[in-house]
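Structure record follows, encoded as structure tokens.
The values are calculated or read from the model by the stated rules, or taken from the named source; none is laboratory data. Since this is a predicted model, take the numbers as computed values, not measurements. Reconstructed Cβ throughout: ideal geometry from the backbone, glycine too, with neighbour counts over all protein chains shown. The accessibility values were calculated without ligands, DNA or RNA, using every heavy atom of the protein model including side chains. Shrake-Rupley method; radii C 1.70, N 1.55, O 1.52, S 1.80 Å.
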Amino acid sequence: MKNSEVTKILVSEDEVREIVGRLGKEISESYGELDRELMVIGLLRGSFIFMADLIRVIDTPLVVDFMTVSSYGDGTVSSGDVKVVMDLDSSVEGRDVLLVEDIVDTGRTFSKVVRMMKNRNPKSLKICTFLNKPEARIADIDIDFCGIDIPNEFAVGYGLDYAQGYRNLPYVGVLEL
Ligand code: PRP
């Protein structure tokens with residue numbers, strides 16, 4: 001796997017910084033003063049880089065937790081069979097929860113996770129994604145904080161993978177498969 005297989009840059013490093021900064025401001029303003037810390041939940045593995053950057057530009061006191069879900073396996077098409085591979089360590093009951101994703105594609109992953117979270121009775125539940133692919137949507141979901149819409153192409157980098165590779169690219173690009 002070589003970076004040269006990335007044929008087009010969708011979101012440059014500068015744009016990544018700008019988008020993350022804007023989302024941090026939006027999120028901080030939206031939560032304002034909370035009685036307890038905001039609970040920021042990252043869906044692994046794709047969100048780990050975005051999550052690390054995002055929490056450093058949110059000025060609301062927060063705690064983090066992670067859940068591993070998988071829908072793509074090593075392929076490029078969402079299977080629709082969303083599996084919880086590793087659940088949260090802590091309870092979300094009565095907490096203000098912000099779910100963080102790297103990308104909403106078909107929407108199946110988020111819609112399943114949102115349903116699951118609502119059943120656990122958080123005080124509030126909002127969702128944030130770095131990338132959004134509206135043309136690929138199958139499951140309808142409301143995104144509270146959205147980084148940037150991208151076309152229906154296979155994106156890699158900034159946490160997003162193809163066969164587990166390319167996650168470390170500091171930008172988002174399109175892969176020629
Ligand atoms: C990717 C991505 C989202 C999901 C989005 O996860 O991180 O979780 O697909 O697709 P959807 O909107 O069509 O459900 P993947 O299953 O590839 O695992 P990963 O997070 O380990 O990359």
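Have a look at LEU23, LEU43, LEU54 and point out the one that is part of a strand (DSSP E or B), modelled with pLDDT of 95 or more, closer than 15 Å to ILE103 by Cα and touching a helix residue (DSSP H, G or I) at 6+ places or on another chain (Cβ under 8 Å).
LEU43
Does VAL97 count as touching a Pro at 6+ places or on another chain (Cβ under 6 Å) and touching a residue at least 24 places away in the same chain (Cβ under 8 Å)?
Spelling it out, VAL97 is indeed touching a Pro at 6+ places or on another chain (Cβ under 6 Å) and touching a residue at least 24 places away in the same chain (Cβ under 8 Å).
Quick check on the range 31-48: of everything there that is within 19 Å of the chain's Cα centre (by Cα) and more than 9 Å from the ligand (Cβ to nearest atom), which residue is farthest from VAL85 (Cα to Cα)?
Ranking the candidates gives TYR31 first.
Quick check on my filter: what residues within the range 1-55 are under 27 Å from MET116 (Cβ atoms) and open to solvent by 90 Å² or more (accessible area, probe 1.4 Å)?
ASP35, ARG36, ARG45, PHE48
Hey, among ASN119, ASN132, ASN168, which residue is polar (S, T, N, Q) and touching a Cys at 6+ places or on another chain (Cβ under 7 Å)?
Just one listed residue meets the conditions, ASN132.
If I ask for residues that are farther than 20 Å from ASP35 by Cβ and free of Cβ contacts under 8 Å to residues at least 40 places away in the same chain, which ones from the range 111-123 would you list?
SER111, VAL114, ARG115, MET116, LYS118, ASN119
For the range 56-71, enumerate the residues that are among the acidic types (Asp, Glu) and within 17 Å of MET117 (Cα to Cα).
The one that is among the acidic types (Asp, Glu) and within 17 Å of MET117 (Cα to Cα): ASP65.
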